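J.: The structure follows.
The values are calculated or read from the model by the stated rules, or taken from the named source; none is laboratory data. None of the values given here were measured: they were computed from a predicted structure. No Cβ is skipped: glycine too gets one built from the backbone with ideal geometry, and neighbour counts run over all protein chains shown. All accessible areas refer to the heavy atoms of the entire protein, side chains included, with ligands and DNA or RNA removed. Shrake-Rupley method; radii C 1.70, N 1.55, O 1.52, S 1.80 Å.
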Amino acid sequence: MTRTENFDLSTRNTFRMKAKCALYIEYDTLEELKSIDPQSLPQPIMHIGAGSNLLFTGDFPGTVLHSNVKFMKFVDMGLDEVLMTAGAGVVFDDFVSRSCEAGLWGAENLSLIPGEVGAAAVQNIGAYGVEAKDIIAGVVCLDTKDWTKTIFKTKECGYGYRESMFKREKGRYIITSVLFRLTRKYSPKLDYGGVRAALPPGTVLTPQMVRETIIGIRRQKLPDPAETGSAGSFFKNPVVSRELYSRILEREKVEVPHYDLPGGSVKIPAAWMIDRCGLKGMRNGGAQVYEKQPLVIINATGEATAQDILGLENQIITTIKERFGVELHPEVEHIG
Ligand code: EPU
């Protein structure tokens, strides 16, 4: 376990914001986490993953905890089903890579999403028609109320689009490991976002082939985290009523990409709206709307401040509200 006072968080958030916390603790085992006396720490306490969905808007006065619990284990459940458990500190894509190498279906569409396993279960990350909740069988946590181990089944996690009970009860549970349900049964999911078109037709696929295709698609659209700071999608895709969708169609006089949701509402890609308003590539200080995927705000110069990013965020929200009557909400969590 390492403890560092007055810790610089700029390497612990993918936006690379310069912010400090009073104390940073990285623990290697659940036992180490349990040995910490929370009352003795600078308050408040916050737990982070890879910091790939965070925007630090200032210094954090309390303690930042980070899991370095990195085990992965397979449990064979018979003919098709395989359970795989992974520590919260495992890089999510390492888990996806390992499961695909083992020939298991379920996680392949989630390839290359930045972040760690614990945060994936908090955020219910998703891409190409699959969400983390679809493969999560259970979540093991430490309840900070009484510092005891608690296990939740998937249906107890209150999952929705980029939503969960862990997000709503913010700070209450520290996820220590996640149990995933994967399968040997042939089950590629290709119906979303050009995945099928990118694969050779009529071929028997493997999870590894689908993974490589998804990686190819993502690399074309999203900035390389090694080169450019960002937090992936900055906004959630808005869900609007059918009436509002019809009004937008009437006004724009072009095809509006959308996904119909159960109950009659409609999800419109925020990327399309931002593009339609001509905001691609727009800059504010060191921050910029990413040219290839305008749902992403990047730290273009490496020196962008939180104010630069917040300025761009507000300009986008205002422009979209004025043109479409739609309120965008950031997916990225603001801290500070
Ligand atoms: N579009 C444009 N102009 C552009 C880019 C996109 O008009 O420059 C339109 C296109 O019509 C496209 C649509 O926007 O079909 C949607 O774009 P895309 O599928 O690339 O992304 P998305 O639906 O906006 C979501 C997730 C991503 C995930 C992709 C792929 C959210 C907030 N984002 O984006 O997740 O990778 O689908 O499944 O739901 C993340 O959460 O960080 C993330 C990257």
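J.: Please find, among ALA226, ALA231, ALA271, the residue that is hydrophobic (A, V, I, L, M, F, W, C), open to solvent by 80 Å² or more (accessible area, probe 1.4 Å) and within 22 Å of the chain's Cα centre (by Cα).
T.: When all the criteria are applied, what remains is ALA226.
J.: Does GLU131 qualify as being more than 15 Å from the chain's Cα centre (by Cα), at pLDDT 95 or above and within 16 Å of the ligand (Cβ to nearest atom)?
T.: When the stated conditions are applied, GLU131 does not pass them.
J.: For the stretch 234-256, which residues satisfy the criterion of being over 15 Å from the mean Cα position of the chain (by Cα) and either under 29 Å from PHE15 (Cα atoms) or β-branched (Val, Ile, Thr) (or both)?
T.: Passing the criteria: PRO238, VAL239, VAL240, ILE248, VAL254, VAL256.
J.: Something else now. List pairs: first residue in the stretch 233-257 and more than 16 Å from ARG323 (Cα to Cα), second residue within 14 Å of the ligand (Cβ to nearest atom) and open to solvent by 100 Å² or more (accessible area, probe 1.4 Å) anywhere in the structure, Cβ distance under 7 angstrom, at least six positions apart or on different chains.
T.: Hits for this filter: PHE235/HIS329; LYS236/HIS329.
J.: Return yes when VAL122 is within 14 Å of the ligand (Cβ to nearest atom), open to solvent by 20 Å² or more (accessible area, probe 1.4 Å) and of a type in the set (A, V, I, L, M) and no when it is not.
T.: When the stated conditions are applied, VAL122 passes them.
J.: Check the stretch 179-197 and report whether any residue there is open to solvent by 30 Å² or more (accessible area, probe 1.4 Å), within 16 Å of the ligand (Cβ to nearest atom), farther than 22 Å from ILE316 by Cβ and without any contact (Cβ under 8 Å) to a residue 12 or more places away in the chain.
T.: Yes; the residues of the stretch 179-197 include at least one that is open to solvent by 30 Å² or more (accessible area, probe 1.4 Å), within 16 Å of the ligand (Cβ to nearest atom), farther than 22 Å from ILE316 by Cβ and without any contact (Cβ under 8 Å) to a residue 12 or more places away in the chain.
J.: Right, something else. Residue check: is SER230 in contact (Cβ under 8 Å) with a residue 60 or more places away in the chain and away from the ligand (no atom under 16 Å from the Cβ)?
T.: No.
J.: Name the single residue that is farthest from the ligand (Cβ to nearest atom) among those in the stretch 280-308 being touching a Ser or Thr at 6+ places or on another chain (Cβ under 6 Å) and in a strand (DSSP E or B).
T.: Filtering the stretch 280-308 for residues that are touching a Ser or Thr at 6+ places or on another chain (Cβ under 6 Å) and in a strand (DSSP E or B), the one farthest from the ligand (Cβ to nearest atom) comes out as ILE298.
J.: Across the stretch 284-307, what is the total count of residues that are buried (at least 20 other Cβ atoms within 10 Å of the Cβ), under 19 Å from THR11 (Cα atoms) and not small (Gly, Ala, Ser)?
T.: Residues flagged as buried (at least 20 other Cβ atoms within 10 Å of the Cβ), under 19 Å from THR11 (Cα atoms) and not small (Gly, Ala, Ser) within the stretch 284-307 amount to 3.
J.: Being open to solvent by less than 50 Å² (accessible area, probe 1.4 Å), assigned to a loop (DSSP other than H, G, I, E, B) and either at pLDDT 95 or above or closer than 25 Å to ASP146 by Cβ (or both) is the filter here; which residues of the stretch 54-78 pass it?
T.: If the condition is that a residue be open to solvent by less than 50 Å² (accessible area, probe 1.4 Å), assigned to a loop (DSSP other than H, G, I, E, B) and either at pLDDT 95 or above or closer than 25 Å to ASP146 by Cβ (or both), then THR57, GLY58, ASN68, VAL69 are the ones that fit.
J.: Of the conditions (1) open to solvent by 30 Å² or more (accessible area, probe 1.4 Å); (2) part of a helix (DSSP H, G or I), GLY311 clears all except one; give me its number.
T.: Here GLY311 meets the rest and fails (1).
J.: Can you pull out the residues in the stretch 258-268 that are more than 16 Å from VAL326 (Cβ to Cβ) and either open to solvent by 50 Å² or more (accessible area, probe 1.4 Å) or aliphatic (A, V, I, L, M) (or both)?
T.: ASP260, PRO262, GLY263
J.: Go through the residues of the stretch 236-253 one by one and say whether even a single one is open to solvent by 50 Å² or more (accessible area, probe 1.4 Å) and either within 9 Å of the ligand (Cβ to nearest atom) or under 21 Å from VAL289 (Cβ atoms) (or both).
T.: Within the stretch 236-253 (the criterion being open to solvent by 50 Å² or more (accessible area, probe 1.4 Å) and either within 9 Å of the ligand (Cβ to nearest atom) or under 21 Å from VAL289 (Cβ atoms) (or both)), the answer is no, since none of the residues qualifies.
J.: Quick one: in the stretch 291-302, of everything that is of a type outside the set (Lys, Arg) and farther than 18 Å from LEU54 by Cβ, which residue is farthest from the chain's Cα centre (by Cα)?
T.: This residue is THR301.
J.: For the stretch 138-160, does any single residue satisfy the condition of being closer than 22 Å to ASP94 by Cβ and within 16 Å of the ligand (Cβ to nearest atom)?
T.: no
J.: So GLY89 fits all but one of (1) assigned to a strand (DSSP E or B); (2) touching a His at 6+ places or on another chain (Cβ under 8 Å); what number is the exception?
T.: (1)
J.: Shifting gears a bit: Kindly list the number of the only condition in (1) modelled with pLDDT under 95; (2) open to solvent by 70 Å² or more (accessible area, probe 1.4 Å) that fails for GLU212.
T.: (1)
J.: Check off (1) free of Cβ contacts under 8 Å to residues at least 60 places away in the same chain; (2) open to solvent by 80 Å² or more (accessible area, probe 1.4 Å); (3) over 30 Å from THR11 (Cβ atoms) for GLU327 and give me the number that stays unchecked.
T.: (1)
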